[in-house]
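Trainee: This structure is in structure tokens; I'll ask about it shortly.
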Amino acid sequence: MGHTIQHRGVVERVEGDRVFVAVEQQSACAGCHAKGMCSAGSAEKRTIEVRTPHASTFEVDERVVVALQQASMGLSSVVWGYVMPLVVLLVVLVGAKMAGIDDGPAAVATLVGVAIYYVGLYLARRRFDRVIKFTIIKE
């Protein structure tokens with residue numbers, strides 16, 4: 001089992017079995033080994049959706065800790081969010097150039113390919129909800 005990645009936050013709202021937590025930027029992110037790949041520390045405020053059967057026990061403005069339990073899940077997020085789009089970009093660009101397409105249209109095809117990838121990723125987001133599990137703990 002890998003390291004646990006934790007972020008402190010405040011409950012923004014509760015909807016059914018989902019708790020939406022506004023994550024606070026932490027100074028501890030500066031020393032984190034994954035800071036280059038983690039977007040949670042790069043924004044002033046980020047909202048994380050946590051599915052839990054105990055959502056009704058949380059109240060708005062309550063201080064909580066959101067944790068990603070396994071580093072492999074974080075690695076999976078990095079692969080799907082950053083590595084795979086790069087692979088799509090390179091494959092489309094190389095394929096377009098090998099087909100003899102000029103630079104401008106090849107660049108547009110590359111951007112369209114990456115955009116299609118991200119739309120597909122967005123449409124498959126419910127599948128990732130079952131794979132990447134955040135837990136929420138009251139402070």
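Trainee: What does the accessible area per residue of region 90-139 come to in Å², with a 1.4 Å probe and no ligands, DNA or RNA counted? Can you show the working numbers first?
Mentor: Working: 3570 Å² over 50 residues.
Normalised by residue count, the accessible surface of region 90-139 is 71 Å².
Trainee: Another question about this same structure. Multiply the residue separation of Glu49 and Val112 by 0.36 nm, subtract the distance between their alpha-carbon atoms, and state the gained length in nm to one decimal.
Mentor: Working: separation 63, 0.36 × 63 = 22.68 nm, distance 2.86 nm.
Difference between extended and current length: 19.8 nm.
The values are calculated or read from the model by the stated rules, or taken from the named source; none is laboratory data. Please read all numbers here as calculations on a predicted model, not as lab measurements. Heavy atoms of the whole protein, side chains included, go into the accessibility calculation; ligands, DNA and RNA do not. Shrake-Rupley method; radii C 1.70, N 1.55, O 1.52, S 1.80 Å.
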